[in-house]
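As C-alpha cells, the structure follows; a few thoughts come after it.
Any read-out appearing in this document is the output of simple, stated calculations on the displayed coordinates, not a laboratory observation. In this text the structure is predicted, and so the values were computed from the model without any measurement. All Cβ positions, even for glycine, are placed from backbone atoms using ideal geometry, and neighbour counts span all protein chains on display.
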Amino acid sequence: MIRTMRAAALAVLSVVLVAWPAQAARSSAPPPPAAQLTIELCPPEAPVVPGETGILEVHVTNHGPAATGDETMVVVHFPPPGVVRDANPPVTLTYFGTGSSYKLPAGLAPGETSVERLSLYVAPITSPFTTISGDVQAFYPGDPDQSGHTTPYSFTTADTRAHFMVGASSAWEAGHPVLQPGDFKGAPGATIGLPLWVYNDGPSYSTHPIDVLITTPEHTTLTGKTPYGCTATGPRSLACHYATGPRYKDATFINPSVVIDPATVSGQVLPGGTLDVSGVEDCPSPDWHTDYAVTVT
C-alpha cells in the first residue's frame, strides 16, 4: 500500500517537472511588438490677436517596432473661451468643456509621423499680452504607456485690434447699425435726438481709448443734457472721449439733442453734420467719418 502511494506521488511530481520548463519558457517570452507614440508640438510663433487664430502643429510619431492596430485618440486642451476651430488635414473634432479631440486611424507605421495643423481661435474678449497654456495627449490601447503621452504648449496674445465704423441712424441690419440717409427729421423749432454711433467690427474687444468729434447740421443748436463722455466745444460741436471703444460686434451710442432753427421751412435739408472717430487700435479709414443731415418737415 505504501509503495503504491509513493509511486503515485512520483508520477505526479514527474508531470510537474516535465511541464515546468514549458511554463517557464512561456512566462519569459517577450511581449508582442507594440507601437510606441510620442508627441511634438509647434505652437504659434507670433503673438495671436484676440479674435484671430494661431496654428498649433501636432506631430504624433510611432517609435515602436509595430504599426498601430487601433485608432489613436488625440486630446487637445485649449482654455475656453477659445476653441479649436478646424484642422488641416480635415479630421472630425469632438468638443468638450476645455478643448477638443480627434482620432488617428490605425496603421501608423514604425517611424511614421501624423501631422495636424489645428487652428486655435482666441476669443475676442481675451486680454492682450497674456500667456495661454494647454497640452496635447495621445492615447493608444497597444502602447506600453497606457497613461497617455502629454506634451504642454503655450503662446502669447498680441495687443487688441478693432475696426471702427461710424454712422448716424437708428436702423440696424444683420446685427449692426446701418446708414439711413434722411433718417433725421423735425419741424421748425422742434427738438430732436441724433442717434449717432461708433461700431466695432472687430476682431477684438476694444481695450484702448477712442475720441469722437461731432458737428451737428447747420441751423441746429445743441440743447439739453450733454451726452456721457462728451464736452460741448461750441453751439454745434462736441468732443467725446471714452476709456475704451465698443466691444466686438457692438456699438457705443451718442445721442445729442438739437433744436431746429424756427426760421427753417418744410422740405429744407440742413447739411453739415459730421461724425469722426479715432483710436490707436485701428488704422485710419473712410469708415472713421460720416456726413449726415436733418430734413425739416
Could you size up the charge dipole of the chain around its Cα centre, putting +1 on the beta carbon of Lys and Arg and -1 on that of Asp and Glu, and report it in debye to the nearest 20? 1260
Which residues in segment 218-237 have a backbone N closer than 18 Å to a point placed 7 Å from the Cα of Ala190 along the Cα-to-Cβ line? 218-224
Output the relative contact order of the chain, whole-number percent, from Cα pairs under 8 angstrom with separation of 6+ residues. 17
Of the residues Ala190, Ala263, Ala123, which exhibits the maximal mean-square fluctuation in a Gaussian network model of the chain defined by a 10 Å Cα contact cut-off? Ala263
If amide H atoms are built 1.01 Å from N in the plane of the peptide, which residues on other chains or at least 5 residues away come under 5 Å of the amide H of Gln36? His63, Gly64, Ala66
Helix-only mean residue ellipticity at 222 nm, the chain, DSSP H runs n ≥ 4 weighted -39,500 (n - 2.57), per residue, nearest 500. What is it? -3000 deg cm²/dmol
Stretchable slack from Leu93 to Ala46, in nm (0.36 nm times residue separation minus alpha-carbon distance): 14.4 nm
Report the one residue of Ile260, Gly111, Ala293 whose Cα lies farthest in the direction of the positive end of the charge dipole of the chain (charges on C-beta: Lys and Arg +1, Asp and Glu -1; origin at the Cα centre). Gly111
Cα-Cα pairs of segment 215-259 separated by more than 13 Å (percent): 56
Spit out the partnerless Cys residues in the chain, using Cβ distances under 4.7 Å as the pairing rule. Cys42, Cys283
How do His63, His176 rank when sorted from fewest to most other Cβ atoms within 10 Å of their own Cβ? His63, His176
So the FRET efficiency between Thr131 and Asp86, C-beta based with R0 = 35 Å and rounded to 0.05, is 0.90
Bridge type composition, the chain - antiparallel percent by DSSP, nearest 5: 95
With just the Cα atoms defining each centre, how far is segment 33-66 from segment 230-262? Give it in Å. 50
Restricting attention to the alpha-carbon atoms of segment 37-156, what are Rg (one decimal) and Dmax (integer), both in Å? 14.6, 47
Cα axis of helix 2-27 to longest principal axis of the chain: angle in degrees, 0 to 90, nearest 10? 40
What Kirkwood Rh does the chain have if only Cα atoms enter the pairwise 1/r average? Answer in Å. 24.9
Describe numerically, in nm with one decimal, the distance between label points set 7 Å from Cα along Cα→Cβ at Ala232 and at Glu57. 6.3
Pull out the extension gain between Arg117 and Glu218, defined as 0.36 nm times the separation in residues minus the alpha carbon to alpha carbon distance; nm, one decimal. 30.6 nm
Principal semi-axes in Å for segment 164-296 [√(5λ), Cα gyration tensor, largest first]: 27, 16, 11
Output for segment 71-141: chymotrypsin sites (Phe, Trp or Tyr not before Pro) sitting in coil per DSSP, at most 12 other Cβ within 10 Å, listed by number, reads Phe129
